[in-house]
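Where a number appears in this text, it was derived from the coordinates with a stated rule and is not lab data. Quick caveat: nothing in here was measured; it's all calculated off a predicted structure. Reconstructed Cβ throughout: ideal geometry from the backbone, glycine too, with neighbour counts over all protein chains shown.
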Amino acid sequence: MDKAVLIERAVVDSILSYAQMLHPREAILLLKGKVDKHTIVVNDTQIPPLATHGNTFSTFPLHTLPIDFSIMGVAHSHPSGALRPSVTDLNKIYGRIMVITAYPYQSEKNIAIFDREGKTLQYEVV
Ligand SMILES: [Zn+2]
């Protein structure tokens, strides 16, 4: 059974505003929250410890992140405006979900969530 994905409004706002701030560079944020049998809840974001503004998602060393079971996945921005994962993205999934926000980062219409296979997940903003 697929889990329901719930993402807090404040998290959506942080992803959008961080992406806007770094545009036209790529923004990368860790997504924190909790998971149970039926639900993934994302309720916090964190700038990755090794983030430098020269990094893009495709060059970011995800394997150096500490093992932290409160990390549900990673969000990154697509300054190109493409609201879908690239092949590189799909090879770099860390955690349970991948969130992509595409330019112009205005609302959740510019956000999509994917599972580890690259399938689009429905989600609810709470
Ligand atoms: Zn990407």
Practice item. Starting from segment 87-114, take each residue that is hydroxyl-bearing (Ser, Thr, Tyr) and list its partners that are in a helix (DSSP H, G or I), counting only C-beta distances under 6 angstrom and pairs at least six apart or across chains. Key: Thr88/Ser58; Tyr94/Leu62; Thr101/Ile15; Thr101/Ala19; Thr101/Asn110; Tyr105/Leu16; Tyr105/Ala19; Tyr105/Gln20
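What residue, of Val12, Val87, Val41, Val99, is among the aliphatic types (A, V, I, L, M) and surrounded by fewer than 16 Cβ atoms within 10 Å (Cβ to Cβ)?
Val87
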Practice item. Considering (1) over 21 Å from Tyr105 (Cβ atoms); (2) more than 16 Å from the ligand (Cβ to nearest atom), say which one Asn91 fails and leave the rest. Key: (2)
Practice item. Find the residue count for segment 72-84, including only residues that are surrounded by 19 or more Cβ atoms within 10 Å (Cβ to Cβ) and either closer than 17 Å to Thr56 by Cβ or in contact with a Phe, Trp or Tyr (Cβ under 9 Å, 6 or more places away or on another chain) (or both). Key: 6
Check your understanding: Counting just the residues of segment 44-65 that are touching a Ser or Thr at 6+ places or on another chain (Cβ under 7 Å) and of a type in the set (Ser, Thr, Tyr), which one comes out surrounded by the most Cβ atoms within 10 Å (Cβ to Cβ)?
Key -> Thr45
Practice item. Go through segment 77-86 residue by residue and tally those that are touching a residue at least 40 places away in the same chain (Cβ under 8 Å) and either more than 9 Å from the ligand (Cβ to nearest atom) or in a loop (DSSP other than H, G, I, E, B) (or both). Key: 1
Study note, to complete from the structure: Subset of segment 12-26, residues closer than 13 Å to Ile47 by Cα and not in a helix (DSSP H, G or I), comes to Glu26
